[in-house]
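> Dropping a structure here in structure tokens format, bear with me for questions.
FYI, it's all coordinate maths here, none of it is from the lab. Given the structure is predicted, the values throughout are model-derived calculations rather than measurements. Cβ placement follows ideal geometry from the backbone for every residue including glycine, while neighbour counts extend to all protein chains displayed.
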Amino acid sequence: MQGKYNFIKLERIILRNFSLYKKDGKVYEVNEEINEGVYCLAGANGLGKTTFLNAINFGLTGIVLEPNKEVYSPSEIVIRNKRYTERYFIGRIDKKDEDKAEIEILFKVNGKYFRIIRGFFERDVLRLLEVYSTDNDKRISHFKSKSESPKELNNQFQKLLTSEIGFTNFDYFVFYQLYILTFDENRRMIFWDDRASSQALAIAFNADPKDADKILDLTRKMEKHESNGRNLRWQSTQAKKKVEELTQKTKGKKVSDIEDLENEYTELYKELEELERIFRNIKIEYDSMLKKQSHINSELMQLRIEHTRLFSKYSKPRSKLIENTDIQLSIKNKECLLCSSEGSHIAESIERSIYKNNCPLCNTAINDSNSAELDKILKLIQTNDEKISAKNVELDNLILETEGKKIEVDKTEIEVKKAKLDIEEFTEDNPDISLKGTGNNSVDALIKQYEKQSELAAQESKEEYSKRDSLKIEYEKLLKKVESSYKEAETVFVPIFKNLAKSFIGLDLNISPKRSDKTIKLVLEIHNLARTESFQLSESQRFFLDIALRMSLAIYLSDSKDGATMMVDTPEGSLDIAYESRVGRMFAEYIINYNQNLFMTANINASQLLLSLAEICGKNKMKFRRMLEWTDLSDIQKEGENLFQKVYKNIEDALNKRTNHEQTSNA
Amino acid sequence: MSKQVTPEAFFDSLSLAHKLDNFLDGFKLEEIHLFSYFSSILFLYRKNPVSDWRYRFTISETGYPFSEAIFEAVTRHQQNGLFEDDGTFNKITARGADEFNKFKVLPTFSKREEYLTAACTTSILVPYSQTLRALLSDPEIAKAKEINNKSWLEQSNIYQKFDEISKEVGVSADDLIIPAVTWINFINEQERIEGK
């Protein structure tokens, strides 16, 4: 499974008539060669760094993800982001340039070059598609557009690219490119989003790509059935309410506003779902703590057994003379075996000598040959004792933490129950009232109609839920398969993550898949305790751990020849300076040790990150570009760029220093 | 030697011997059992679970609390010349004191020292004979002695009583010696009244 995909490597990006980048009234034509290793685009805020990243992803996928939205499954991404994409470049590109504005991307995948041109307002068509490879400077064409329509070109592109990467479906490429290989703090994170996590897992850890299709398909279907079930239940309640309304109307009573009720009902359901999600997560954490407790307890027991063994060994009678039969006899009979003197003082005298390690006969001090061994045992006892003590402290802390977690579990459980009760009460408060007829024939007929409708909807709702449940069985089976494939992959994948995460956060972190009744997801563990809720780490720590996870997936899944290209819109601010240089080191680790590529944007705030990255990568592996000449700067931006000047010089120095160092050592 | 030694009993007996020898100039072996029992009561008084003391007590034929673990440890100390019998009392030898100093710094033992010290300190503050009498007339011990019970001493009743008395006189639970002394005085006073 490892290295099963050939991800793309960017070679050149050209933006034509992209009027966001305008210098002295003239549109600046961006024409960037993308190097191996890190390509870093740096500039003050508001210059359009993120836009550049989005433009590239648009060129590749035809989609710009709408920020701050839920994670969509691969097949939904296009539909859900279509409108946003179509609006995205309006205003960024001048009206008059709209037709001419286009992006050209040259990239390499599986040894073949793809050259594509896409107009910024032509989401699902291509202006040009070329696929070729090179052999000793000779170009071998694999595809060249002839008379295909732009739409056909786009279809060809999707087909060819999908097959070169190794995906079964272009939607998966879109999902991977936009959600996994691109990091942007306004788009969802993988660890802390159930859907992103489960879908990334399903695509990444499946021996059979068809299984991934099936899982995603089943997820969709189950969600559909669930939402149908809920809607029908709502319809049923509505119909009941209509009945109530009609009955009450005839009695001259006021009815509550249906729309308000509808909103209230939806809110109650949303709350219940959110609470159930939180409950599941806390339960996972709590279970993991209990597991850990029993683990420590058994470790402690082992240590105690060892302690007893060491003490028993240490306190064994030391003097060899005590085992001597003549001496034993003399002590027992209280009679000296040499002079035959008798009395209890004989035994005492012999014992005293032995305890002093002197010979009872000639009073010579006996060389204590086993004292070295005793020292050795004593050292072992000391070490063991420290271990026991440390484990005890760990256990005490854990017990305290577990108690707190248990309270959280109980509290949330009560909240879930309460939310369920609220829904029940709500349904009871708006019940199907008993009808004795209103005396008005036409109204009675209508009431009957509604009653029927309500029953029907209730019945259908039940059916939808049972359809969902019947899919669950197959779904479970497939999740189990993912889980076991993950277990196989773990030995390679987890160490990659651990290594990256440790270089950043300095702690031994672990990730493991956790199953709940609905889904499978990756859970982050710190000191062997599950952390599922995002608020337990600082925001910036979360960002970079999420990047570490994406990098690990990229490394694990990419073919080792070319690696993958991660696109990172560096999150701004909030990181401690110490962590910043650690992030730089983590990025460098990804690039140099794992031979991958990084396309990143950064502003001046992240200078320490850039500096440490530059120090390790050097010019051969890192290109540092400023956006100065791309665009006119506002006063504030100028100020920002001035500040950047110094930082820029430091980074250039760092890059050169490393390169010179390499040259010297090569020489 | 097939028998195992309990590390905590190994240390407690050494530590108690060291203290009793200092305070009382020699000790009897059953006093090691008695004071380790007293220490464990203080340990319970601090709300620690009885199992954490790591060895338990029965009652001996002479009516003293008795611990198999302490017995085994004391035997080894004698065989290795850490304890010495001068005919009337046992004493800790220089080598024994040396061993005690080696072990008292270990983290798991240093915690026990607080209880062992508190138990022995009472014998300075209260005449030793009174301490002895109070400890031995503890109802649980008395009862076990009466019915010749060989099972573990419960230790929960005595601790509760102890707790009640401490609360009654209003001593802080942070301190161990004051409640210990109060308790001994209380039992003796009760004995005196009953004796009258």
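> Which GluC sites (Glu not before Pro) in segment A:1-105 pass both tests, a DSSP loop state and at most 16 other beta-carbon atoms within 10 Å?
Listed in order of number, the matching sites are A:Glu29, A:Glu70, A:Glu98.
> For segment A:564-637, which semi-axes, largest first and in whole Å, follow from the square roots of 5 times the eigenvalues of its Cα gyration tensor?
Its equivalent ellipsoid spans semi-axes of 22, 16, 11 Å.
> Based on the mean of other beta carbon atoms within 10 Å per residue, what is the order of B:159-165, A:549-555, most packed first?
A:549-555, B:159-165
> Can you compute the helix-only [θ] at 222 nm over the protein assembly as shown? Use -39500 (n - 2.57) per DSSP H run of at least 4 residues, normalise by all residues, nearest 500 deg cm²/dmol.
-20500 deg cm²/dmol
> So which trypsin sites (Lys or Arg not before Pro) in segment A:282-315 pass both tests, a DSSP loop state and at most 13 other Cβ atoms within 10 Å of the Cβ?
none
> Out of every Cα-Cα pair in segment B:76-161, what percent are more than 21 Å apart?
55 percent
> Let me ask you something else. Cβ under 15 Å from A:Tyr179's Cβ, A:Tyr179 left aside: what net charge do those residues give with Lys, Arg +1 and Asp, Glu -1?
Spelling it out: positives minus negatives among the neighbours equals -3.
> Per residue of B:102-112, count partner chain C-beta atoms within 10 Å of its C-beta, then hand back the mean as an integer.
The mean count of partner-chain Cβ atoms within 10 Å per residue comes to 4.
> Tell me the volume per residue, in Å³, of the convex hull enclosing the alpha carbons of chain A.
It comes to 302 Å³ per residue, whole-number rounded.
> Considering only B:Leu135, B:Leu125, B:Leu44, give the residue with the highest GNM mean-square fluctuation for chain B, with springs between Cα atoms whenever their separation is below 10 Å.
Between B:Leu135, B:Leu125, B:Leu44, it is B:Leu125 that shows the largest mean-square fluctuation.
> Return the lysines within reach of B:Lys143: Cα separation strictly under 28 angstrom, same-chain partners fewer than 8 residues apart disregarded; answer none if there are no such residues.
Result set, ordered by chain and number: B:Lys28, B:Lys47, B:Lys161, B:Lys167, B:Lys196.
> Still on this model: On a straight-distance basis, which lysines could pair with A:Lys292 in a cross-link, Cα separation under 16 angstrom, same-chain partners fewer than 8 positions away excluded?
A:Lys283, A:Lys391, A:Lys405, A:Lys406, A:Lys514
> If the reach is capped at under 22 angstrom between alpha carbons, list the lysines near A:Lys561, excluding any in the same chain fewer than eight residues apart.
Partners within reach: A:Lys4, A:Lys9, A:Lys108, A:Lys112, A:Lys138, A:Lys619, A:Lys621, A:Lys623.
> Quick one: which of B:6-18, A:487-499 comes out on top by average Cβ neighbours within 10 Å, and what's the full order, highest first?
B:6-18, A:487-499
> Taking each residue of A:305-317 in turn, how many C-beta atoms of other protein chains fall within 10 Å of its C-beta, and what is the average?
Mean inter-chain Cβ contacts per residue within 10 Å come to 6.
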